[in-house]
Amino acid sequence: MDFEYTQAEETFRHEVRTFLDENLPPKDQRGADFMAQWLKKVRAKRWVGFAWPQEVGGGGGDIMQQVILKEEMAKRQAPPLGTCMMGLAWVGPGIIQYGTDEQKTRFIPDILNSKYHWCTGYSEPNVGSDLAALQCKAILDGDHYVINGTKIWTSLAPFAQWISMLVRTDNFGSTATKHDGITALLVDLSSPGIEIKPIENMAGGKVFAQIFFDNVRVPVNNRLGKEGQGWAVTIASLANERSSIGEVTAMYAKLDSLKMLIKDSQRQGKPAMEDQKIRRRLAVFEAKIEAMRLNGLRYLTRQIKGEPLSSETSVNKLHRADLEVEMSDFAIDVLGQSGLQLGNQLETIDRGKWARESLGWPNVVIGGGTPNIQKNIIAERILGLPKD
Ligand SMILES: Cc1cc2nc3c(=O)[nH]c(=O)nc-3n(C[C@H](O)[C@H](O)[C@H](O)COP(=O)(O)OP(=O)(O)OC[C@H]3O[C@@H](n4cnc5c(N)ncnc54)[C@H](O)[C@@H]3O)c2cc1C
């Protein structure tokens with residue numbers, strides 16, 4: 001493993017840092033006007049969709065540049081590079097890899113320009129971990145598919161304009177070849193026959209929903225990839241998230257916030273930072289994040305050598321889920337009763353973020369695959385143990 005950066009990489013890091021020095025005000029000065037300007041500026045730098053090919057409007061950045069960009073942004077707790085989160089994370093990459101030229105022209109510029117939100121319709125009631133068992137069906141009728149069924153836990157659905165979803169177009173009721181017969185469709189959420197029912201989470205937010213499809217007609221030219229190719233389209237799109245280095249930097253930023261909180265807190269009349277138990281916990285968090293970082297560098301080394309990544313990222317996903325929960329709960333312990341305040345008001349400590357993050361544990365633990373599923377992946381694909 002080579003820990004050194006090339007001169008060109010250091011120059012790029014300097015460019016990012018200079019941009020942040022000049023364009024990123026302290027957090028309490030980042031209002032709606034700042035955000036609008038920020039999105040325009042990072043788009044002009046081609047840092048939105050930085051890994052995407054330049055032909056579609058992306059930045060054409062290489063792996064190391066992506067890592068540097070993510071690292072520097074996360075260190076400074078900068079806002080995201082674009083607000084179309086799922087569009088940038090996997091819908092766009094899926095369209096770039098499998099979409100027609102017409103689909104690329106229709107969707108990619110809007111994703112890069114943060115024009116609207118996409119959501120992702122995989123899970124259904126009774127279908128989550130075993131995704132290939134999905135039942136929501138689409139029957140071809142002339143030049144349209146007709147969708148009937150439901151999707152659940154669809155994050156961002158209450159605000160999104162489009163959904164990238166998986167439907168069954170063949171193999172109804174078959175379990176032997178259930179990965180076949182799944183098709184990916186891009187669906188306008190304002191289509192007649194769609195009903196979106198928001199679901200409230202523990203922290204009182206309504207960020208996900210159940211979506212009902214009742215004879216929803218979707219043009220065939222909104223199909224992503226070939227009919228029956230949906231599984232491959234999904235695996236390839238989700239594999240786009242390249243390494244966990246950016247995530248690790250975000251964990252370091254969270255640890256910094258935790259340290260700041262503790263510096264400002266008291267324990268039994270003394271500065272909380274002097275408490276040995278608290279100091280020990282902070283040291284353990286730091287050691288675990290460092291282990292994640294080194295693990296991430298191992299994946300990165302493989303990527304730089306051109307070796308494909310497959311299941312290795314499950315290791316850091318598992319660690320991150322545990323750590324996020326432990327750190328948020330620890331902050332609440334330190335804060336005591338005041339840590340339970342959820343409101344996003346100035347007078348609430350850290351604007352209620354610790355309580356929200358503590359109650360928001362399903363985001364990091366369940367979203368993207370449960371710990372049991374990650375452990376199965378590690379056992380079978382990395383350790384070579386017998387199949388579940
Ligand atoms: C915050 C949040 C956001 C989400 N956003 C989206 C979204 O945007 N789009 C979307 O499609 N879905 C979304 N989901 C759904 C998520 O992908 C599923 O909840 C997840 O895949 C688990 O599926 P399930 O809920 O059906 O649970 P199940 O699959 O029924 O699992 C229940 C329990 O059984 C265990 N289990 C299941 N199979 C195995 C096995 N083979 N071996 C060992 N243990 C097993 C699981 O680990 C879990 O503990 C979201 C979920 C959450 C919590």
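When peptides 48-58, 299-309 are ranked by their average number of other Cβ atoms within 10 Å per residue, the highest-first order is 48-58, 299-309. Which Cα, out of 371, 59, 89, lies furthest along the positive dipole direction of the chain (beta carbon charges, K/R +1, D/E -1)? So the residue we want is 371.
Taking only the Cα atoms of segment 286-388, the radius of gyration and Dmax are 17.3, 54 Å. Of all lysines in the structure, those lying under 26 Å Cα to Cα from residue 75, and not within fewer than 8 positions of it along the same chain, are 27, 40, 41, 45, 254, 259, 263, 288, 317, 353.
What shape does the chain take by its C-alpha gyration tensor, where a ≥ b ≥ c are the square roots of the eigenvalues and a/c under 1.5 counts as rounded, a/b above b/c as prolate, and the rest as oblate? It is prolate, given that a/c is not under 1.5 and a/b is the larger ratio. Computed from the C-beta positions of residue 284 and residue 260 and an R0 of 22 Å, the FRET efficiency is 0.75 to the nearest 0.05.
For the chain, what is the calculated [θ] at 222 nm in deg cm²/dmol (nearest 500), taking -39500 (n - 2.57) for each run of four or more DSSP H residues and dividing by its residue count? Show your work: numbers first, answer last.
Numbers: 12 runs with 161 residues, N = 388.
Taking each H run of at least 4 residues, the total per residue is -13500 deg cm²/dmol.
Using R0 = 35 Å, the C-beta based FRET efficiency linking residue 179 and residue 370 works out to 0.95. Take every pair of alpha-carbon atoms less than 8 Å apart whose residues are at least six positions apart; their mean separation over the length of segment 7-82 yields a relative contact order of 33 percent. Our note on the geometry: Cα centres of segment 26-85 and segment 275-347, 23 Å apart.
Tell me, rounded to the nearest percent, the portion of alpha carbon pairs in segment 118-237 spaced more than 26 Å apart. Provide the component values of the computation, followed by the final result.
Working: 1009 of 7140 pairs.
So the portion of pairs separated by more than 26 Å is 14 percent.
Extents of segment 7-82, largest first, come to 33, 28, 16 Å (Cα atoms, principal axes, whole angstrom).
For segment 211-350, the percent of C-alpha pairs falling in each 10 Å distance bin, counted from 0 to the bin holding the largest distance, reads 9, 28, 23, 19, 15, 5, 1.
How high is the relative contact order of the chain, given as a whole-number percent (alpha carbon pairs under 8 Å, six or more residues apart)? Display every interim value, and only then the final one.
Working: 584 pairs, mean separation 46.2, N = 388.
Here the relative contact order equals 12 percent.
Readers should treat all values here as calculations from the given coordinates under stated rules, not as data from a laboratory. Just so it is clear, the structure is predicted and the values come from calculations on it, not from any experiment. All Cβ positions, glycine included, derive from the backbone under ideal geometry; neighbour counts span all protein chains shown.
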